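Engineer: The following block contains the structure, expressed as structure tokens.
The values are calculated or read from the model by the stated rules, or taken from the named source; none is laboratory data. The structure displayed is predicted, hence computed values, not measured ones. Backbone-built Cβ (ideal geometry, glycine too); neighbour counts: all protein chains shown.
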Amino acid sequence: MILKAIVAYAENKVIGKNNDLIWHLPNDLKHFKKHTAGKTIIMGRKTWDSLGGRPLPNRRHIVITRSKDFHAQGAEVTHSLEDAIQLAHHENEVYIVGGAQIYSLSMPLIDVLEITEVHAAFDGDAYFPAFNAADFDLISKQFHPKDESHQFSFTFKTLVRKV
Ligand SMILES: NC(=O)c1ccc[n+]([C@@H]2O[C@H](COP(=O)([O-])OP(=O)(O)OC[C@H]3O[C@@H](n4cnc5c(N)ncnc54)[C@H](OP(=O)(O)O)[C@@H]3O)[C@@H](O)[C@H]2O)c1
């Protein structure tokens, strides 16, 4: 199984504020959908809450929480990252979709990073963890300029862990 993380972060590594996303970039949402459609996505309980208590269509959701009486309709609930990965171990490709705590926990295990770098800095309260870029090869990079439906420019990057 290949473990991927998909994230959109700002120049200062901010990913969210008040348990929500900060920017609205429709082509980044399409990019997220293109990657994760039909796949399993693993997330922290707060990111699950940020979805409004509903699963995204056409994806298997696994939510990680310490709470033993947490139920999430339309998602499977686990109590550790290891259990979440174990639940999905038969699958070819699994996505870690955040938030900050779950990216941080999973970073040592990530094979591929699908990053959207938003070219602006934001005030926030959730950050993508530091990682060593030298551990990864940059295999693709695609710039998207600012336009009438995208207030900020951004770049999609795919990083693959060196073997
Ligand atoms: N820009 C992006 O790409 C992106 C993607 C996803 C999320 N976000 C943003 O990130 C923010 C949320 O991130 P966050 O770090 O606050 O929350 P999170 O990682 O989504 O969830 C944290 C929760 O996960 C559970 N958890 C964490 N470590 C655990 C462990 N070792 N064992 C068992 N359960 C564990 C706990 O749930 P319990 O409290 O229930 O025990 C904890 O409160 C929001 O602003 C969201 O919008 C941004």
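Engineer: Could you figure out which of (1) more than 12 Å from the ligand (Cβ to nearest atom); (2) in contact with a Phe, Trp or Tyr (Cβ under 7 Å, 6 or more places away or on another chain) isn't true of Phe131?
Structural biologist: The one condition Phe131 does not meet is (2).
Engineer: While we're looking at this one, here's another question. Just for the range 1-32: of the residues that are of a type in the set (Lys, Arg) and more than 8 Å from the ligand (Cβ to nearest atom), which one is surrounded by the fewest Cβ atoms within 10 Å (Cβ to Cβ)?
Structural biologist: Out of the qualifying residues, it is Lys30.
Engineer: Mind listing whichever residues of the range 40-61 are more than 11 Å from the ligand (Cβ to nearest atom) and either surrounded by fewer than 12 Cβ atoms within 10 Å (Cβ to Cβ) or within 13 Å of the chain's Cα centre (by Cα) (or both)? Write out each step before concluding.
Structural biologist: Pass one, the range 40-61, residues more than 11 Å from the ligand (Cβ to nearest atom): 40, 52-61.
Across the range 40-61, the qualifying residues are Thr40, Gly52, Gly53, Pro57, Asn58, His61.
Engineer: Would you please name the residue that is surrounded by the fewest Cβ atoms within 10 Å (Cβ to Cβ), looking only at residues in the range 105-152 that are of a type in the set (Ser, Thr, Tyr) and within 30 Å of Val163 (Cβ to Cβ)?
Structural biologist: Among residues in the range 105-152 that are of a type in the set (Ser, Thr, Tyr) and within 30 Å of Val163 (Cβ to Cβ), the one surrounded by the fewest Cβ atoms within 10 Å (Cβ to Cβ) is Ser140.
Engineer: Just to be sure before I move on: is His35 exposed (fewer than 12 other Cβ atoms within 10 Å of the Cβ), within 12 Å of the ligand (Cβ to nearest atom) and either part of a helix (DSSP H, G or I) or modelled with pLDDT of 95 or more (or both) in the structure I sent?
Structural biologist: no
Engineer: Moving on. So, of the residues in the range 72-99 that are hydroxyl-bearing (Ser, Thr, Tyr) and surrounded by 13 or more Cβ atoms within 10 Å (Cβ to Cβ), which turns out to be nearest to the ligand (Cβ to nearest atom)?
Structural biologist: Per the stated criteria, the residue is Thr78.
Engineer: Here's something else I'd like to know. Any chance you could count how many residues in the range 110-128 are away from the ligand (no atom under 13 Å from the Cβ) and either in contact with a helix residue (DSSP H, G or I) (Cβ under 9 Å, 6 or more places away or on another chain) or at pLDDT below 95 (or both)?
Structural biologist: 1
Engineer: With respect to Asp69, is the statement that it is in contact (Cβ under 8 Å) with a residue 12 or more places away in the chain, more than 7 Å from the ligand (Cβ to nearest atom) and out of contact with any helix residue (DSSP H, G or I) (no Cβ under 6 Å at 6 or more places or on another chain) true?
Structural biologist: So Asp69 does not fit the description; no.
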